[in-house]
Each structure stands twice: as C-alpha cells, then as structure tokens.
Amino acid sequence: MAATPSMSPHQQLDAIILAGGEGRRVGGRDKGLLDWQGKPLIAWVIECIAPQVKQVYISANRNIEAYAAFGYAVHTDQSNDFRGPLAGIAACAAHCSSDWVLVVPCDCPALPNELAEKLLATAVSESLEASYAVDEARAHFLCAVFQKQALEGLKTRLQGDDLSVKGWLKTLRCKPTAFAGMKDAFLNLNTLESKRR
Ligand SMILES: Nc1nc2c(ncn2[C@@H]2O[C@H](COP(=O)(O)OP(=O)(O)OP(=O)(O)O)[C@@H](O)[C@H]2O)c(=O)[nH]1
C-alpha cells in the first residue's frame, strides 16, 4: 500500500534496530545489552520505537538468544566480518514487508516519540527515498526512514569500498528532518565514558 500522509506511521512502517556492531569503544562488548539506568540499552529503544511502527526487526551478530528474548525477529549479517551498519540494514530489509523502514541504532535510548511520524512526513510530502534526523548540533544518519525499495540497492553497495552511511545517503533522493531543540533525545551512548555520565 502506498504511504499517504493521512495514514498513521505504524500502519506503513517497519523498524530495524541496529545492534550488530563490534562495540570497540565499549571494550568489544555487545552494546545493545549493556545496562543503562536499570535496563539494557536496546530495551529503551524498543520501548520507544515499537509503538511507532508495525513490526520491529533486530539486527544483531552476537548473543542472538538474548536479543530474541525481547520478542522480535533477530537477523544476523550475511557475512561475519562486521562490515558496518549497512550490512545490518540489508540483512533485515530482506524480511521487512512495509513500504517504509525506520532505522535506528541500539545506543540512542531517549529517541523522540514522534521520530517515525516526522521523518515519514518529510519523506512522503517531498517524494523522497529517505530522510534522516538533524538536531541543532548535528545530523543523525542512522535515525532515518527509507523507502523499502531504496534498500534493495544495498546489495550492490555492500560489494564496494564506501560503506559509510553518509556516503550511501548521498546516492539517494534524501533530505534531513529537523528536530529543533531536541538534542537530548539523540543522546548517543557509544563509549563507556558516555554511559557513565
Ligand atoms: N548489523 C550490524 N550493525 C552494525 C555493524 N557495525 C555497526 N553496527 C551498528 O550501527 C550502529 C552504529 O555503530 P557504531 O557505533 O558506529 O559502531 P559499533 O561497532 O557499535 O561501535 P564501535 O566499534 O565502538 O564504533 C550501532 O547501532 C551498531 O550496533 C555491523 O557490522 N553490523
């Protein structure tokens, strides 16, 4: 079904939560399962994102059973060499059935409740293939919605050298969505130091 602004986001969107990284900055630990304020980081993300979408998919490469215990499908990357977030998106996208896909990392535990709605509104109203979040401080290329069809190009992209998310977004019809004054919502706990603060 084609997305229209009148449909609520959860009717037309699946979500991929990326938790398949090496976590070098957290001593090689599995970041999504690290405790933050009494819960694993990914539990905060699931709690915020699940009500915003039709289906959640978790991208993980270790501790698969622990991730599956959250009650959503878990998919591993096609290769086991940690090729980066694009590999996780590609692996989960193959299972998504909605026309649009929200992508978020597992280490942003305070994401906005209106993340999906606002990103999708930009993408649909401007006929884009993707839209990513920006706050007053910076862009968040991994907090983004994509047309499912646009994710098919990832198979080819993964065979090349540039596996940066930013580089790939440049190849798509893509614009940012502003989350003005919401810097705290994009808190990114990707180091042990940031988790302690
Ligand atoms: N599926 C999958 N996800 C990844 C991979 N690399 C990073 N991610 C995810 O992409 C998001 C951003 O990753 P980074 O923080 O840049 O990388 P990281 O491996 O988690 O951590 P560092 O090794 O410290 O950079 C996180 O949610 C990661 O779980 C990968 O190879 N496969």
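The values are calculated or read from the model by the stated rules, or taken from the named source; none is laboratory data. No experiment lies behind these values; they were computed from the predicted model shown. Note that we place each Cβ from the backbone using ideal geometry, even for glycine, and neighbour counts take in every protein chain shown. In case anyone asks, the SASA skips ligands and DNA or RNA and just uses the protein heavy atoms, side chains included. Shrake-Rupley method; radii C 1.70, N 1.55, O 1.52, S 1.80 Å.
Taking only protein heavy atoms and a 1.4 Å probe, what accessible area per residue, in Å², does the chain have with all protein chains in place?
Accessible area per residue, the chain: 48 Å².
Restricting to bridges with both residues inside region 9-196, how much of the DSSP beta-bridge set is antiparallel, in percent to the nearest 5?
Antiparallel: roughly 35 percent of the beta bridges in region 9-196.
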Subject >> Inter-centroid distance (Cα atoms) of region 141-182 relative to region 23-71, Å >> reply: 21 Å
Original post:
How large, in percent, is the carbon and sulfur part of the accessible surface of region 62-197 at a probe radius of 1.4 Å?
Top reply: 48 percent
Original post:
What does the accessible area of residue 76 come to, in Å² to the nearest 10, when a probe of 1.4 Å is used?
Top reply: 70 Å²
Subject >> Relative contact order [Cα under 8 Å, 6+ residues apart], the chain, whole percent >> reply: 24 percent
Subject >> Reachable lysines from residue 155, criterion Cα separation under 21 angstrom, eight or more residues apart if same chain >> reply: 166, 170
**OP:** Taking the Cα centre of the chain as origin, sum charge times position over the Cβ atoms of Lys and Arg (+1) and Asp and Glu (-1), and report the length of that vector in debye to the nearest 20.
**Re:** 340 debye
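Just to check, using Stokes-Einstein with a Kirkwood Rh over alpha carbon pairs, what's the diffusion coefficient of region 89-129 at 25 °C and 0.890 mPa s in µm²/s?
207 µm²/s
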Original post:
Counting each DSSP H run of 4 or more residues in the chain as -39500 (n - 2.57), what helix-only mean residue ellipticity at 222 nm follows after dividing by all residues, to the nearest 500 deg cm²/dmol?
Top reply: -6500 deg cm²/dmol
Original post:
Using a Förster distance of 41 Å, how high is the FRET efficiency between residue 136 and residue 73, based on the Cβ-Cβ distance and rounded to 0.05?
Top reply: 0.70
**OP:** Report Rg/Rh for region 9-196, rounded to two decimals, where Rg is the Cα radius of gyration and Rh the Kirkwood radius.
**Re:** 0.93
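Let a ≥ b ≥ c be the square roots of the eigenvalues of the Cα gyration tensor of region 119-183; is it rounded (a/c under 1.5), or, if not, prolate (a/b larger than b/c) or oblate?
Since a/c reaches 1.5 but b/c is at least a/b, the shape of region 119-183 is classed as oblate.
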Subject >> Projected label distance in nm at residue 126 and residue 148, using a 7 Å step from Cα toward the beta-carbon >> reply: 2.4 nm
**OP:** Return the loop-located trypsin sites (Lys or Arg not before Pro) in region 53-148 (DSSP other than H, G, I, E, B) with at most 10 other Cβ atoms within 10 Å of their own Cβ; answer none if there are none.
**Re:** none
**OP:** Take every DSSP beta bridge whose two residues both sit in region 1-113, then give the antiparallel share in percent to the nearest 5.
**Re:** 10 percent
